[in-house]
Amino acid sequence: MGFAARADQDRDDNTGGSKKQNLVLLRPIKSFPRTLTSVSSQAALRVPVDASAKTMAIPRERAVPAEVKQLPKTPRLPLGLKLLVGIQQGSTVLTGGLVATALVIYSWTVYLDKTVARSFQNLETLKVSTQQVTTANETLKHSMAQQAESPAAGFKPLEPKRAIFLSPAPARPLVKPELKPKVHSPMPHPLGY
């Protein structure tokens, strides 16, 4: 591949850009193949014939052919290297599975801890409620007992001579139920089809 450098010989050019007549080839022409005649603008060679006169001689233009190289075929890997690649892939899959399992177990334990904490809080609330209900029940019983003992309630205290004693009734004989087989009566009409 050749490189072109700018040779500013005509400074009167107002465009300021590098043109074909301003480029000088830095590689000799002998290295170009002689079969092709077209050349890119960067590889053009313009050599001045007369330095005092601003005329340029244009040599014959040549182009470098593009070479197409076939990529080398990948050689077969040795058995040991194939085995190591397989172990690496297997360990990658195993590591991913273990990480996923660890995340599932961790999330399950966090969920379980939160559920246990919520249930324990509900249990404590129920214990407090039970104590409050028991206290209210006993307070109500005590107030009812005090109201019953007051003379304004009209209750009389228990006196043994006013108590009524009942004698137990005589025991009845044990009757065994008779087991009769059920007799099927014919149906007067069918129930349905």
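At-a-glance table
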item	result
Ellipsoid semi-axes in whole angstrom, largest first, where each is sqrt(5λ) of the Cα gyration tensor of region 86-177	72, 29, 6
For region 74-136, alpha-carbon Rg relative to the globular expectation (2.2 N^0.38 Å, N residues)	2.54
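Read the figures in this text as sums done on the coordinates, not as results from a lab. These numbers come from a predicted model, not from an experiment.
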